[in-house]
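Since every read-out is calculated from the coordinates, none of them should be taken as a lab result. Being a predicted model, the structure only gives us computed values, none of them experimental. Glycine gets a Cβ as well: all are built from the backbone with ideal geometry, and neighbour counts include every protein chain shown.
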Amino acid sequence: MKRNFKAHWVAPTLREFKRRKVIEEDRSGGPKIFHRSTFLEWNYDAEIFAFSNRLGEKFDDSSLRAALTHKSYIEREKARLSDIGLDSNLHFQDNEALSQKGGEMMSKFINGYLRAVFTQVPEELISAMHDFLTSNSTLETVAKHIGLGDLMLCADFPCKTETYVKSFKAIIAALAESSGEERARIFVQDLVVTQLYGQDVNELWNPVDPVGNLAAILKREGKAEPEFRLIRQAGSNSILAVYYVGVYSDKHFISEGAGESLEIAKEMAAREALKKFFHTEDSMRALPFGRQLKNIQSKIEQLENQPNLPFSEWISEKVMSAVH
């Protein structure tokens, strides 16, 4: 029986190729990524159709194509045609206007959701959550996960963060034009607002003086100033020291906090007290999404332009009257 043996030089050669490839990738910051348009089976019409169906949304074809076209792509194509002596008057629409409109709509939709769900928090916390959801890093993550990187027409690749963000905002406006504002609102809730899942919303708003803030609220509530008491401690003479401080008002216990020093424990106790006032404790109910929002969509729409009370005016009586 005849056996086929590889020449002795094959294995060392392959190892050398692999070594050189690793060195080249390290110099380039990772393996080189190619846009899907460079593949032989690339079909942009089919990709656009598949994108709409993946999202389960109906887009007007011209609006969707405009949302995915960055002005840098048009400028590059005009320059290329001009260099070879062809007519450079391209009938393309870029996504600048759609992006502006989509950004405004997204901001409005997010504020409506947050105010409808977080009814008892001050507007400053609403703004902090809004800023987190509309940040470039959050929107870039969402845009990548829905596959915009393979569909956007732009001069740069891999695409820049700003290009992802602009295209995603334009997609929202294109959906509103194609299927109505209600579908765009649900789209934002499903893809953007869900990025709050797993986040501690209290960490997004970091007031400088939690003890002072608590004292201000208690004063407006007509209650005594907060009184902090050491409840218990452990390892006070070691690097693993921990102190538990309780906060009281009118001899009524409000909350407690722990820290490696008395000052930190006092601040943590004040933060826990603020969580109780705002109903954002760690044990708060999970945020509603999907079908759970069906019955409050009208409320969300109503609150899009109706801010919560600012912290300087926050008082439980006003909050409860506004909720009901």
Before rounding to the nearest 500, sum -39500 (n - 2.57) across all DSSP H runs of length at least 4 in the chain and divide by the residue total; then give [θ] at 222 nm in deg cm²/dmol.
-> -16500 deg cm²/dmol
Stretchable slack from residue 9 to residue 80, in nm (0.36 nm times residue separation minus alpha-carbon distance) | 21.0 nm
The Kirkwood hydrodynamic radius of region 43-197, taken as the inverse of the mean 1/r over all distinct Cα pairs, in Å, comes to 16.3 Å
Most positive-pole-ward Cα, 114, 226, 195, against dipole of the chain from beta carbon charges | 195
Report P(r) for region 279-324: all Cα-Cα distances, bin width 5 Å, range 0 to the bin holding the largest distance, values in whole percent.
-> 5, 15, 18, 23, 27, 10, 2, 0
Measuring from its Cα centre, region 43-197 shows a charge dipole (+1 at each Lys and Arg Cβ, -1 at each Asp and Glu Cβ) which, in debye to the nearest 20, is 180 debye
With respect to the cross-link table entries 108/144; 108/223; 18/144; 144/294, which display a Cα-Cα separation exceeding 31 Å?
-> 108/223
Are there trypsin sites (Lys or Arg not before Pro) in region 92-160 that DSSP marks as loop and that have at most 16 other Cβ atoms within 10 Å, and which are they?
-> 160
Projected onto the charge dipole of the chain (unit charges on the beta-carbon of Lys, Arg, Asp and Glu, signs +1, +1, -1, -1), the Cα from 258, 173, 151 with the largest positive-side position is that of 151
FRET efficiency estimate (nearest 0.05) - Cβ-Cβ, residue 227 to residue 25, R0 51 angstrom | 0.25
Dipole check, the chain, charges on Cβ (K,R +1; D,E -1), about Cα centroid: among 244, 11, 316 the Cα furthest to the positive pole belongs to 11
Can you quote the Å³ per residue value for the convex hull of the Cα atoms in the chain, rounded to an integer?
-> 282 Å³
Say R0 is 30 Å: what FRET efficiency, to the nearest 0.05, do residue 145 and residue 309 get from their beta-carbon distance?
-> 0.30
Order by protection proxy (mean Cβ within 10 Å, highest first), peptides 146-156, 258-268, 15-25, 235-245 | 146-156, 258-268, 235-245, 15-25
